1. What is the packing order of peptides 238-244, 397-403, 141-147, taking the mean over residues of other C-beta atoms within 10 Å and listing the highest first?
2. Test of understanding: extend the Cα→C-beta vector of residue 148 to 7 Å, then name every residue of the range 380-408 with backbone N under 20 Å from that spot.
3. Determine the percent antiparallel among the DSSP beta bridges restricted to the chain, to the nearest 5.
4. Take 280, 45, 4 and order them by how many other Cβ atoms sit within 10 Å, fewest up front.
5. If you average the C-alpha positions of the range 279-341 and of the range 152-196 separately, how far apart do those two centres end up, in angstrom?
6. When a/c is below 1.5 the answer is rounded, else prolate if a/b is larger than b/c, else oblate, so apply that to the range 2-159 with a ≥ b ≥ c taken from the square roots of the Cα gyration tensor eigenvalues.
7. Please give the contour-minus-distance gain from residue 76 to residue 206: 0.36 nm per residue of separation, less the Cα-Cα distance, rounded to one decimal in nm.
8. What is the extension gain from residue 60 to residue 12, computed as 0.36 nm multiplied by their sequence separation minus the C-alpha to C-alpha distance, in nm to one decimal?
């Protein structure tokens, strides 16, 4: 069955990804099983999207009941699931207004379009950071601070400037009369789980206030409690003008959210614009919204946001003895962690599994032993397990990871 599926994939799909020769068949909790019956402990949860694990019973119930009631009516009518999810985000966030779409790139596109309206045709420039990742669309590629994402798609949309992460003077220097927004990840994800210095996000907030710029926090990776706060910017006691969400808040369904402060969100109001300024046909469909609302209910009921902090501390304590003996640093917050490896001599960024890239080598060895993790930037292992993972499952996974690292 696996060989047939892979062969048909290669025949009928574009080969965008370097996929592993595995066909996953089912999932439950923090485990997956492939078509050969092999089990895997999942400590990466599908790039963070499986916030509550696989087939969580409350999520299965929510989507089943919704599927038997109403799927989609379009956004010219009201639905209860949309309203419930928007209320949850406002409750746990900064009382903003939400716009629903399909993915993180969509959410960032919406945020950048809203910023253009804020600029009133006079200001349009965007400052983002090197090493960032904001999407692969024509509006978000230029914002992404990684050349590999943009190569081959030139000419890019103009008006974007990149500055180093954690460099407030560089941001201030980049501001000019046409600048309208600063776009930043509270914790850089694809860049290697890069943490902000304590004064960085508060400093960005102050600069934006001083120059009347919008501050957009890209929380596609970090929203939904993964870092030990419902939204990562809360660790630094700031309030962005806009935050963007995806991945975990959809639990594996295609959900993107742009949540804007009310004074900014009003710029999307059709009554202000005299018509629709931005829209999405299937964004906010009832199935996805029912799941998103249920996720926030489970997070609150089961106190999973605080548990993410506790489990993150446990991971750090168990891996700390390896610092200087197989790893160089552990970064992140809650259950969004990066483990820096010493670079292999002469290594460079290549496809997963290429010899000489230590991160992918360790990922492959862990996979052989039934553990799923991820590597980015070649030398950073990423852990983003479901917030529902048990202590025993976490210990099991860390034991495998430690054994693989120590065997290098």
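1. Descending packing order for the listed peptides: 238-244, 141-147, 397-403.
2. In the range 380-408, the label zone of residue 148 (backbone N under 20 Å from the point 7 Å along Cα→Cβ) covers 380-384.
3. Roughly 60 percent of the DSSP beta bridges within the chain come out antiparallel.
4. By the 10 Å Cβ count, ascending: 4, 280, 45.
5. Taking the Cα centre of the range 152-196 as reference, the centre of the range 279-341 is 24 Å away.
6. Here the range 2-159 falls in the oblate category.
7. Difference between extended and current length: 43.0 nm.
8. Contour length minus Cα-Cα distance gives 14.3 nm.
FYI, it's all coordinate maths here, none of it is from the lab. Given the structure is predicted, the values throughout are model-derived calculations rather than measurements. Every residue, glycine as well, gets a Cβ built from its backbone with ideal geometry; the counts of neighbours run over all protein chains shown.
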